[in-house]
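The values are calculated or read from the model by the stated rules, or taken from the named source; none is laboratory data. Since the structure is predicted, the reported quantities are computational estimates derived from the model, not experimental observations. All Cβ positions, glycine included, derive from the backbone under ideal geometry; neighbour counts span all protein chains shown.
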């Protein structure tokens, strides 16, 4: 009981202080105009607009493969911070100072409400260059709005989104491990998983990393048209989850399949779960489409090579993502 | 009254478990023991313990039971074959308390170890004698490299076990934290791949690399918390929550500061002067 009373007392004290208002039932003079403050506001809004334009420029300028997220974040944050600063100056310096009592219910005293509206209307404004201020506000707000819409351009033909559609795979590209050593089919074992990359490609390219498994060929149920994609039961899927682009870092491998959940590739971010036997189909979780599968072949020296490109485009879903990717 | 009924239960348990249970002062656990155990571990003792505690699921002499069926004592049993699993699997499962299970539908969890060290040793020797299989690996974390361990752990382990080995989930199962097991058991788990975990052979992760991984796992027990406050090292959700608890009030204070007027003379005072 005691602590509750203390908490209630504290809240009452805090809000009581915040809500305490001076009674004012007279019209208010706007106070002296402050041209200096107005100029500060205009300058702040202009800077905000420049930062927002900076966001658009950064987004358009860099290729989608090396878009600097930090720079985008800084631009947006600075634009918002300058808008906030402008609002602070307006609030502190330009809005008439005296406050009106708000101690009335909305509908019960229409006359008083009217009166107050009249008072507000008659009290006049301290702002002298209203159009300039509104213009600056519109510029900052507009630029920010445009900045927020800019990423949508990646859907259309205006920005170059080609690199996102490319995967470094084509027939004959060798699979290599993190150290760049070619992966031999004979080295792959059952009941474990491997990470592989395209030889000669940037491992940071989302089209490059693969998860490799050796499965029992008799249990494979790949979709039609994928005959021969899994020599000796070795399957390769994109390691990039089709939901939000995390790395598929979990392989669920039952020790005793009779009682335990069956084999699955799982994304640790949101637990999208894919069936490696059926071509990476989604069996649980938020992913909307299967993992792209890479057709494989084994060359005469026993090294794994791609036999073509992925079955679908790699990464989170967007327009046309079900089309086959282009080779870089 | 309660004390008396507890004593009664204890006496009943002692009688039902036989003299051996009393001698080890074991809690009531459902473990079936021979009426008199030899002083030293032996394959023969292991065989007896196996028959009493393991065979209903793993079959006679480790043959395995592939479809659930009711066995002795009407216990529903099914389990993988233990032939050719070597000493490594029983050593891992028994010393971590993952086995025996109370129900075949349970996920093995780090429960109490129900066998005495002598009994574990006997069971390991017995299961190892059922076929050819790998021995217990020797872990030497001191020989490992912490940075290599971090990189390997991130690649192969952290997806499930979380980057500072606090455990987590995979769809359909819990993933245990790695804070309470010793270096040998970590090495065994990597080589065995218990329950839903993949199995990593020496071809994929060499013994030297395994030592690095173990060194890293041991390091995660006392990680270097640069921020000063680890928040349990369980990841971004509690950290985000704490950030909100700090950031929210700061934002609130900022809002209040923005909303408050600059200090000025009241307008009435100005008017009065004029």
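For region A:240-258, a residue qualifies if it is part of a loop (DSSP other than H, G, I, E, B) and within 10 Å of chain B (Cβ to nearest Cβ), and the qualifying residues are A:246, A:248, A:249, A:253, A:254, A:255, A:256, A:257, A:258. Of all the numbered requirements in (1) more than 11 Å from chain A (Cβ to nearest Cβ); (2) in contact (Cβ under 8 Å) with a residue 60 or more places away in the chain, residue B:108 misses one, and that requirement is (1). In the condition set (1) within 14 Å of another protein chain (Cβ to nearest Cβ); (2) closer than 22 Å to residue B:234 by Cα, residue B:186 is compliant with all but (1).
For residue B:235, state whether it is within 12 Å of another protein chain (Cβ to nearest Cβ), on the phi > 0 side of the Ramachandran plot, at pLDDT below 85 and surrounded by 10 or more Cβ atoms within 10 Å (Cβ to Cβ).
So residue B:235 fits the description; yes.
Could you check residue A:326 against (1) surrounded by fewer than 16 Cβ atoms within 10 Å (Cβ to Cβ); (2) free of Cβ contacts under 8 Å to residues at least 24 places away in the same chain and say which number it fails? For residue A:326, the failing item is (2).
From the list A:261, A:268, which one is surrounded by 18 or more Cβ atoms within 10 Å (Cβ to Cβ), free of Cβ contacts under 8 Å to residues at least 24 places away in the same chain and closer than 30 Å to residue B:68 by Cα? Every option except A:261 fails the conditions.
When region A:264-282 is filtered for residues that are modelled with pLDDT of 90 or more and either within 8 Å of chain B (Cβ to nearest Cβ) or over 17 Å from residue A:317 (Cα atoms) (or both), the ones remaining, listed by number, are A:264, A:265, A:266, A:271, A:273, A:275, A:276, A:277, A:278, A:279.
Screening region B:204-213 for residues that are closer than 25 Å to residue B:169 by Cβ and surrounded by fewer than 23 Cβ atoms within 10 Å (Cβ to Cβ) and picking the one that is modelled with the highest pLDDT gives B:205. Only one of the numbered conditions (1) facing chain B (nearest Cβ under 9 Å); (2) not in a loop (DSSP other than H, G, I, E, B) is violated by residue A:261, and that is (2). Against the conditions (1) within 13 Å of the chain's Cα centre (by Cα); (2) surrounded by fewer than 17 Cβ atoms within 10 Å (Cβ to Cβ); (3) within 22 Å of residue A:177 (Cα to Cα), residue B:201 satisfies every one except (1). The requirement of being within 12 Å of another protein chain (Cβ to nearest Cβ) and more than 16 Å from the chain's Cα centre (by Cα) is not satisfied by residue B:116. Kindly check whether there is at least one residue in region B:252-272 that is at pLDDT 90 or above and either touching a strand residue (DSSP E or B) at 6+ places or on another chain (Cβ under 9 Å) or more than 14 Å from chain A (Cβ to nearest Cβ) (or both). Within region B:252-272 (the criterion being at pLDDT 90 or above and either touching a strand residue (DSSP E or B) at 6+ places or on another chain (Cβ under 9 Å) or more than 14 Å from chain A (Cβ to nearest Cβ) (or both)), the answer is no, since none of the residues qualifies. Of the strands (runs of 3 or more DSSP E) lying entirely inside region A:273-313, the ones with 2 or more residues being buried (at least 19 other Cβ atoms within 10 Å of the Cβ), in contact (Cβ under 8 Å) with a residue 40 or more places away in the chain and in the same structural domain as residue A:215 (by TED's automatic domain parsing) are found at A:304-306. When B:167, B:144, B:131 are checked against the criterion of being within 30 Å of residue A:248 (Cβ to Cβ) and away from chain A (no Cβ under 14 Å), a single residue qualifies: B:144. The number of residues in region A:213-235 being touching a residue at least 60 places away in the same chain (Cβ under 8 Å) and within 14 Å of chain B (Cβ to nearest Cβ) comes to 2.
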